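One structure is given below, encoded as structure tokens.
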Amino acid sequence: MKFPKCFSFLYFKNKKFEILHRAITNICPFANELPITYICVSSTLRMTEMKKSISYLLLIPVFLFFLSFQSGSDPFASSRVAMLRDQIRARGVDHGATLAAMEKVPRHRFVPPDQRRFAYADRPLPIGYGQTISQPFIVAYMTQIIDPKPGQKVLEIGTGSGYQAAILAEIVDHVYTIEIVPELGLMAEKLLNELYKNVSVKIGDGYYGWEEAGPFDAIVVTAAAGTIPPPLIEQLKTGGKMIIPLGPPYMTQQLMLVAKGPRRYTTRSLMPVRFVPFTRSN
Ligand code: SAH
């Protein structure tokens, strides 16, 4: 071990300081090289005549500094905590698994580099090709409403950035997601494959669903359609839920909850929303 001279002095003189020093160098192996350590140590030396307890107090900021070094691996962690508190819990989302997923998934990785600093802002963001990543609250709300659980299989229409798929992948067994814009679908697939083993991405028109993979416990549609595509109803399990924005493109739409019963399905209007249009491949 390499110590500054004054540090070695304290190291041998004071057992308590030895423990502290070990703790610091464990957290940050290059602590000895940092000027802040020298400042702290020389302050400590000057105070040897004064009460030793004061010198220990001085070391508290150093500890905090090194701790922040260690937790600094995700510089957006505190933004996520604030997003959860101010945008999601504050508006009534209290579904435990949804909150845990939103706290964990690095949303900043799902937005283009020039949007990264806004990743946790209270709004949708452009992701290219005229499409958007949904506002955090909308993602949380749609996830809570379908009440996803481990063991389930969920279909998403409109992969976009892949963020909603990632939130679902944190909770359920497998997520199937379809994107009609090939460039977006391929980009999202690359990132989702890096982060998850339980997400399958398909490029295509989500109107037809993913028959081979169904039936699904839940279906999340993240583009606004004029009507509910019948294949999606068919691919929903009895007792399953679908959430879908219905309405005209580029205007206010209604977020609808569809519940499939043994003989028929029911719909319930949840709230006004604005989604990008559900487009069709011709
Ligand atoms: N869930 C996304 C939101 C993306 S916006 C996210 O978390 O980022 C909606 C997406 O739906 C767009 O990427 C759009 O290209 C896609 N989309 C529109 N119509 C579609 C269709 N018929 N089939 C599949 N994807 C479609």
Length released on extending from Arg109 to Arg91, taking residue separation times 0.36 nm less the Cα-Cα span: 4.0 nm
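Would you work out the charge dipole size for the range 138-282 about its Cα centre, treating the Cβ of every Lys and Arg as +1 and the Cβ of every Asp and Glu as -1, and quote it to the nearest 20 debye? Before the final figure, lay out the partial values.
Details: 13 positive and 13 negative charges, 112 e Å.
That gives a dipole near 540 debye.
Using 0.36 nm per residue of separation minus the Cα-Cα distance, give me the extension gain between Asp147 and Arg280 in nm, one decimal. Please report the intermediate quantities before stating the final value.
Working: separation 133, 0.36 × 133 = 47.88 nm, distance 2.85 nm.
Full-extension gain reported as 45.0 nm.
If we sort 268-275, 126-133, 98-105 on the protection proxy, mean other Cβ atoms within 10 Å, highest first, what's the order?
On the way: 268-275: 14.6, 126-133: 17.1, 98-105: 19.0.
Top to bottom by mean Cβ count within 10 Å: 98-105, 126-133, 268-275.
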For the range 184-278, the spread of Cα positions along each principal axis, largest first, Å: 37, 34, 20
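What is the calculated FRET efficiency for Asp173 to Asn193, with r their C-beta to C-beta distance and R₀ = 22 Å, to the nearest 0.05? Please list the in-between numbers first.
Numbers: r = 17 Å, r/R0 = 0.76.
That pair, Asp173 with Asn193, gives E of 0.85.
Lys and Arg at +1, Asp and Glu at -1: add these up for the other residues within a Cβ distance under 10 Å of Glu234 and post the number. Mind showing how you got there, number by number?
On the way: positive: Lys260; negative: Glu211.
That works out to 0.
As a footprinting exposure proxy, order Arg123, Arg107, Arg264 by other Cβ within 10 Å, with the fewest listed first.
Working: Arg123 13, Arg107 23, Arg264 8.
Ranking Arg123, Arg107, Arg264 by Cβ neighbours within 10 Å, fewest first, gives Arg264, Arg123, Arg107.
May I ask for the net charge around Thr279, where only other residues with Cβ less than 12 Å from the Cβ of Thr279 are counted and Lys, Arg are +1 while Asp, Glu are -1?
On the way: positive: Arg280; negative: Glu179, Asp205.
My count for the surroundings of Thr279 gives -1.
Using the beta-carbon distance between Glu183 and Thr227 and R0 = 35 Å, what value does 1/(1 + (r/R0)^6) give for FRET efficiency, to the nearest 0.05?
On the way: r = 27 Å, r/R0 = 0.78.
Between Glu183 and Thr227 the formula returns 0.80.
Which net charge results when you count Lys and Arg as +1 and Asp and Glu as -1 among the other residues whose beta-carbon is under 9 Å from that of Val172? Before the final figure, lay out the partial values.
Numbers: positive: Lys149, Lys153; negative: Glu170, Asp173, Asp217.
Net charge around Val172: -1.
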Highest average packing first - 76-82, 252-258, Cβ atoms within 10 Å: 252-258, 76-82
Estimated FRET transfer efficiency when R0 is 35 angstrom, pair Gln254-Ala82 (beta carbons, to 0.05): 0.70
Cα shape, the range 77-273, gyration tensor, a/c 1.5 rule: rounded
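Any read-out appearing in this document is the output of simple, stated calculations on the displayed coordinates, not a laboratory observation. Because the structure is a prediction, the values reported are computed rather than measured. As a convention, Cβ positions derive from the backbone with ideal geometry for all residues, glycine included, and neighbour counts pool all protein chains shown.
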